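Trainee: Quick one: the structure is below, and I'll ask about it shortly.
The values are calculated or read from the model by the stated rules, or taken from the named source; none is laboratory data. Just so we're clear, the structure is a prediction, and the values are computed from it rather than from any experiment. We place every Cβ from the backbone using ideal geometry, glycine too, and count neighbours over all the protein chains shown. Only protein heavy atoms, including side chains, enter the accessible area calculation; ligands, DNA and RNA are left aside. Shrake-Rupley method; radii C 1.70, N 1.55, O 1.52, S 1.80 Å.
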Amino acid sequence: MALLEVKNLQARVEEKDILRGLNLTVNPGEVHAIMGPNGSGKSTLSYVLAGKSDYEVTGGSATLEGEDLLELEPDERAARGLFLAFQYPIEIPGVASMTFLRTAVNAVRKKRGDEELSTPDFLRLVREKAKELNIDQNMLKRPVNVGFSGGEKKRNEILQMAMLEPKMCVLDETDSGLDIDALKIVADGVNRLRAKNRGFLVITHYQRLLDHIVPDVVHVMAKGKIVRTGGPELAHELEAKGYAAYDNAA
Amino acid sequence: MPAVQETVDRVKSIDVDQYKYGFETKIESDRAPKGLDESTVRFISAKKGEPEWMLEWRLEAFRRWKTMSEPNWARVKVNPIDYQDLYYYSAPKTTAGPKSLAEVDPELLKTYAKLGISLHEQEILAGVDPAGRTKVAVDAVFDSVSVVTTFQEELKKAGVIFGSISEAIKNHPELVKKYLGSVVPVTDNFFATLNSAVFSDGSFVYIPKGVRCPMELSTYFRINERNTGQFERTLIIADEGAYVSYLEGCTAPMRDENQLHAAVVELVALEGAEIKYSTVQNWYPGDAQGKGGIYNFVTKRGDCRGNNSKISWTQVETGSAITWKYPSCILRGDNSQGEFYSIAISNGHQQVDSGTKMIHLGKNTSSRIISKGIAAGVSQNTYRGLVSAHRKATNARNFTNCDSLLIGDKCGAHTTPYIEAKNSSAVFEHEATTSKISEDMLFYCRSRGLSGEEAVALVVNGFVKDVLQHLPMEFAVEAQKLIAISLEGSVG
């Protein structure tokens, strides 16, 4: 069974149609990249999948392991194994990153019917994962994303992803705002999470991220649908030729 | 449906079931006849077997009160109160005054157990872990009367006097005469004057010179009777070099009508003394239509009478239909310090007008105000504060930080600071922010697996963190839970 199956998905924001019949199938273990010009609806797709409330689905379907995603609350989607790494992670003043992580991990575990992690187990796990992502323990004592550099924010997203053990990871322009070193750390973190039973949807404007996270499938999105699908070579073609050909597509 | 609309709908759906302390205890009570005149005052005084001087003090207050009118400057809408339609004294019938635990009506003990207050010393002791968590002595006030005080023996050894004010009037008249009304004068304001005339009980604390009170002291107030006003009077005196930490908690059953609560709290800190006063107020806030709930009109003031003294107020206010309350510090002694840390949460139809006054009179006095107001539902939440420096208050310092957080778009947060500096060396700083819990923040939390309510609780706890850390350890956790409960139903 497909991990993520999106059929003829249509969605609008503030009366404006953004997704206009999008089809996409991600199987377990696959990494898909979605590329496309600005305004093609890439971020909208990620928000609709995660369940942001100001996005209204007007048609089509999206399922995770056969279960209707669109019927679920955002936290239930997270519990079922969907994870969205935000393009612009949100600041939460006064809440230590560590507290946030622990609340999230235990909330998800509870919903999945697992026991909450004990403090020592949790700390051990965080230390291990943080080390892999080159995250300083001190960063975890600071309030969530407050005063974080662009790189710190993105590494924090990947840390959350690693801790929540999702089945389907959606990365929304994770490369934006990263210098090449930070990009490499983040990409390494993602690659470490690649697994037989886990799928990835990597949304990006530029090909450079895909040099580090090599996709199995590359899609081109324009005007709210997938207009072309190919292998990794498609990303290079886009990098060379730009999106001009797709501006009037669809 | 946009989430903001959901928020509003969920707030609308709040009902009384969410007030988990809304049970009534069936106990026969002994009441004064309805209404208020001199005979009511005499009745109360006689019931309590008070000496003549106390009765005179009350009568003077009552005569004064008749000439006064209710204050109307606060940003609250109050249904007219018929002062003749209230009972001014109600005592559980089986309890004439504080007794040992064995004699207390088991129904009362059950009530307190439901509130999560263990009056049994063993139970309290059982809660003490070997790491040496402090013990808590509790004075429980039911309607108008203090019913039991725990740990009295142990406190006595340290020379600490802790019990009901009625007892203190009988047993320590010299202290009561000297200090009662010395911080909040009988004539102070409408509600304080009313309290002075009809107060029925409350707690009394005296910490002798150089004594550090060996445990947290705590009072729990509960209004049970219908149509009964609760007028408690608390007086805390920390003699030279003494230290005490005191916590009060309040609950009431759910009633359709509004119940009046007009308390007076006076704190006196002599030279080098420190008083830390914490409140967790969870009076019944009324139902979804704004019906019922407690009118909480309270006068709380501390006097840093001696040099190098310190008074610190910490409050977590989640209940009451209307809150009108300004715990204040008079910084009379040189180098004295005043602090006010406040979390005021309003939901449903609640109205809060609360803040503090820091009156700098002595030299090198300093004060600090951290206020966090959280408004949800269709509530109104006002911070009102005064910082003033007298002519002689050289080098007075104040730092004020008022933050407001809005949940939904039907509520209001208001900040009304008054600043008066009559001494040119005074340095007063004021910071204020108002923000809204954004849908983005909630969505971010929810996409990490937190439910809507968990998300709000997490964000709000982050917002109030600076204040929570000033609560005694034992109560910080309780307060955190209370915050989550009072915001239940505030998001979709």
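Trainee: What about residue A:120, is it open to solvent by 40 Å² or more (accessible area, probe 1.4 Å) and either at the interface with chain B (Cβ under 8 Å from one of its Cβ atoms) or of a type in the set (S, T, N, Q) (or both)? Don't jump to the end; show me each part of the working.
Mentor: Numbers: open to solvent by 40 Å² or more (accessible area, probe 1.4 Å): yes; either at the interface with chain B (Cβ under 8 Å from one of its Cβ atoms) or of a type in the set (S, T, N, Q) (or both): no.
In short, no.
Trainee: Additional query: Go through (1) free of Cβ contacts under 8 Å to residues at least 24 places away in the same chain; (2) surrounded by fewer than 18 Cβ atoms within 10 Å (Cβ to Cβ); (3) within 30 Å of residue A:177 (Cα to Cα) one by one and return the number of the condition residue A:53 breaks.
Mentor: In the conditions (1) free of Cβ contacts under 8 Å to residues at least 24 places away in the same chain; (2) surrounded by fewer than 18 Cβ atoms within 10 Å (Cβ to Cβ); (3) within 30 Å of residue A:177 (Cα to Cα), residue A:53 misses (2) alone.
Trainee: Take residue A:114 and tell me if it is open to solvent by 60 Å² or more (accessible area, probe 1.4 Å) and within 14 Å of chain B (Cβ to nearest Cβ).
Mentor: yes
Trainee: Among the residues of region B:437-453, is any under 23 Å from the mean Cα position of the chain (by Cα) and of a type in the set (D, E, K, R)?
Mentor: The answer is no; no qualifying residue exists.
Trainee: Then there is this: Suppose we keep only residues that are among the hydrophobic types (A, V, I, L, M, F, W, C) and under 14 Å from the mean Cα position of the chain (by Cα) within region A:196-217. Which one would you say is modelled with the lowest pLDDT?
Mentor: A:209
Trainee: Output the residues belonging to region A:78-90 that are surrounded by fewer than 22 Cβ atoms within 10 Å (Cβ to Cβ) and either in contact with a Gly (Cβ under 7 Å, 6 or more places away or on another chain) or at the interface with chain B (Cβ under 8 Å from one of its Cβ atoms) (or both).
Mentor: A:79, A:89, A:90
Trainee: Scan region A:183-194 for residues that are over 14 Å from residue A:81 (Cα atoms) and out of contact with any His (no Cβ under 7 Å at 6 or more places or on another chain) and jot them down.
Mentor: Result: A:185, A:186, A:188, A:189, A:190, A:191, A:192, A:194.
Trainee: For region A:95-111, give me each residue that is at the interface with another protein chain (Cβ under 9 Å from one of its Cβ atoms) and surrounded by 20 or more Cβ atoms within 10 Å (Cβ to Cβ).
Mentor: A:95, A:100, A:101, A:103, A:104, A:105, A:107, A:108
Trainee: Among the helices (runs of 4 or more DSSP H) contained in region A:34-133, which hold 3 or more residues that are of a type in the set (Asp, Glu) and modelled with pLDDT under 95?
Mentor: A:119-132
Trainee: Residue by residue through region A:185-244, note down the ones that are farther than 21 Å from residue A:155 by Cβ, out of contact with any helix residue (DSSP H, G or I) (no Cβ under 9 Å at 6 or more places or on another chain) and of a type in the set (D, E, K, R).
Mentor: Passing the criteria: A:196, A:216, A:225, A:233, A:237, A:241.
Trainee: Quick check on this structure: which one of B:218, B:196, B:200, B:245 is open to solvent by less than 10 Å² (accessible area, probe 1.4 Å), touching a Lys or Arg at 6+ places or on another chain (Cβ under 9 Å), among the small types (Gly, Ala, Ser) and at pLDDT below 85?
Mentor: Details: B:218 fails: touching a Lys or Arg at 6+ places or on another chain (Cβ under 9 Å); B:196 fails: at pLDDT below 85; B:245 fails: at pLDDT below 85.
Unique residue meeting the criteria: B:200.
Trainee: Another one. Hey, among the residues in region B:412-470 that are open to solvent by 40 Å² or more (accessible area, probe 1.4 Å) and part of a helix (DSSP H, G or I), which one's farthest from the other protein chains (Cβ to nearest Cβ)?
Mentor: Only one residue tops the list, namely B:453.
Trainee: Moving on. Residue B:403: touching an Asp or Glu at 6+ places or on another chain (Cβ under 9 Å) and modelled with pLDDT under 95, yes or no?
Mentor: In short, yes.
Trainee: Output the residues belonging to region A:46-77 that are within 10 Å of chain B (Cβ to nearest Cβ) and over 22 Å from residue A:204 (Cα atoms).
Mentor: A:53, A:54, A:56, A:73, A:74, A:75, A:76, A:77
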